[in-house]
Amino acid sequence: VHPREHDLVIGTHGRAAYILDDISPLRTISAATMAEPVHLFEIPDAQQYMVKQTGASRFPGDGEFRGENRPYGALITFSLNIDGLQRRAEAEEEGAEGRPDRGEQVTIEISDADGEVIRSFERRAILGVNRIVWNLERDGFERPGAGEESFFFGGGGPDVLPGTYGVTVKYGDHETNGSVTVLPDPRYDIPRADRQAKFDMVMHVGAVQETIAEAIERIGDTRSEIDDVLERAKAADDEDEEGDEDEEGEDEDEEGEDEDEGEGDDDDDALEGLMQAGEDLKKSLEELEERLWTPPGTTKGIVYTTDVYGRLGYVRGSLSSSWDAPTQSQETYLTAVEEQLQEIIADFNRVFAEDVAAFRGQVEEAELEFVGAKEPLEIPVR
């Protein structure tokens, strides 16, 4: 446990010690600040650091005691004085204090030196003094499988570079602004240019990931739309057959039965062609998706993957292991992944430009609606 400036340390005459993280807001709190709808207290410098695994056994269990450190990141303390908010005691009584997804929400935005919002999140809003922690990461990149976490791609974004960042606290129509300085880990003497190079590569990998996620999402949406179209076509055909049966029962002695039967055969052929085209297109889309990724739950254990999303995950995992400049191995492996993705995206764009477009034409001939065409996908360029 490492106390810092503005931490309050309380030692007993026994064998205990208590640390209250950052009591600086208590030195500036007043009736005036508490009367403001939203007040942001000065944010102390946030220290970046790498946590290394301890020696000896990898899983020490209860054989190793570790004191609880302060939460990693920037401690953002603010007060809210707005009608309708719960007091902390009320929230604790209903068990909602530890649930940031319940109750009224306050929005925290982190912006870089150019004013661009790089991180945005919400936390539960409590009447009075609140404290939340920004973990010094940017917003995460879009990834396929909403709500699913793959082994290498978590929901968080990359670490920010050391520097000064803007902090905005918003609640309803009220907001207040401040700043926080992120300090580099003093144990690592890494040139700024090297950290920038690593950061740029991580951001590029994230952009590539979002391209893959977009391709997978389009495939999923198109496949769902095909199923919906085929269901509607089948339902319409069933209604027509029921109507024909009713008419035949009423007018079975009337002339023109042969002509009606011919028209029915044509309708059946059109439906059969549409159904077959839909199934063929779904198969093509499934083959594309298998080259892009392996959906969670389709394999057991940790297996080596050859799909492009999994291989990109290996690059991301390697890049996140340090803040040093990218290695030649990382550069080479990323280039190989990009070449693989180039081939897949070329086939992806061809399928959507030709096969999906042809199916859309059949659907329109059947007087049904189908998902509209989108621009071809492109891989981000380094």
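The values are calculated or read from the model by the stated rules, or taken from the named source; none is laboratory data. Predicted, not measured: the structure shown is a model, and the values here were computed from it. Here Cβ is always computed from backbone atoms with ideal geometry, including for glycine, and neighbour counts include all displayed protein chains. Only protein heavy atoms, including side chains, enter the accessible area calculation; ligands, DNA and RNA are left aside. Shrake-Rupley method; radii C 1.70, N 1.55, O 1.52, S 1.80 Å.
Every residue, every condition in (1) farther than 26 Å from residue 157 by Cα; (2) assigned to a loop (DSSP other than H, G, I, E, B); (3) touching a His at 6+ places or on another chain (Cβ under 7 Å); (4) touching a residue at least 12 places away in the same chain (Cβ under 8 Å), yes or no:
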| residue | (1), (2), (3), (4) |
| --- | --- |
| 75 | no, no, no, yes |
| 84 | yes, yes, no, yes |
| 98 | no, yes, no, no |
| 108 | no, no, no, yes |
| 114 | no, yes, no, no |
Next item on the list: Within the range 292-309, work out how many residues are surrounded by 12 or more Cβ atoms within 10 Å (Cβ to Cβ) and either under 27 Å from residue 365 (Cα atoms) or touching a residue at least 12 places away in the same chain (Cβ under 8 Å) (or both).
Entry: 8
Check: Pick from 96, 125, 113, 91: which is open to solvent by 40 Å² or more (accessible area, probe 1.4 Å) and either of a type in the set (Gly, Ala, Ser) or in contact with a Ser or Thr (Cβ under 9 Å, 6 or more places away or on another chain) (or both)?
Finding: 113
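What are the residues in the range 159-211 that are part of a helix (DSSP H, G or I) and open to solvent by less than 30 Å² (accessible area, probe 1.4 Å), if any? Give the steps one after another, and end with the answer.
Initially, the range 159-211 is screened for residues part of a helix (DSSP H, G or I), giving 192-211.
Hits for the range 159-211 are 195, 198, 201, 202, 204, 205, 206, 208, 209, 211.
For every residue, the table says whether it meets (1) closer than 21 Å to residue 283 by Cβ; (2) open to solvent by less than 40 Å² (accessible area, probe 1.4 Å); (3) at pLDDT 95 or above.
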position: 311; (1), (2), (3): no, no, yes
position: 320; (1), (2), (3): no, no, no
position: 328; (1), (2), (3): no, no, yes
position: 338; (1), (2), (3): no, yes, yes
position: 358; (1), (2), (3): yes, no, yes
position: 366; (1), (2), (3): yes, no, no
position: 369; (1), (2), (3): no, no, no
position: 377; (1), (2), (3): yes, yes, yes
Note to self: Could you list, ordered by first residue, the pairs with Cβ atoms under 7 Å in which the first is in the range 271-291 and under 21 Å from residue 239 (Cβ atoms) and the second is among the small types (Gly, Ala, Ser), at least 6 apart or interchain?
What the structure shows: 271/233; 274/233; 274/366
Notebook entry, point to check: Looking only at the range 1-54, which residues are loosely packed, with under 11 Cβ neighbours inside 10 Å, in a helix (DSSP H, G or I) and touching a residue at least 40 places away in the same chain (Cβ under 8 Å)?
Noted result: 35
Item checked: Residues satisfying the stated conditions in the range 153-175, i.e. at pLDDT below 95 and under 23 Å from residue 185 (Cβ atoms) -> 154, 156, 157
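Out of the range 63-111, which residues are at positive phi and polar (S, T, N, Q)?
Residues of the range 63-111 at positive phi: 73, 84, 95, 103.
Answer for the range 63-111, where residues must be at positive phi and polar (S, T, N, Q): there is none.
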Notebook entry, point to check: In the range 127-152, what residues are at pLDDT below 95 and either hydrophobic (A, V, I, L, M, F, W, C) or not in a loop (DSSP other than H, G, I, E, B) (or both)?
Noted result: 146, 151, 152
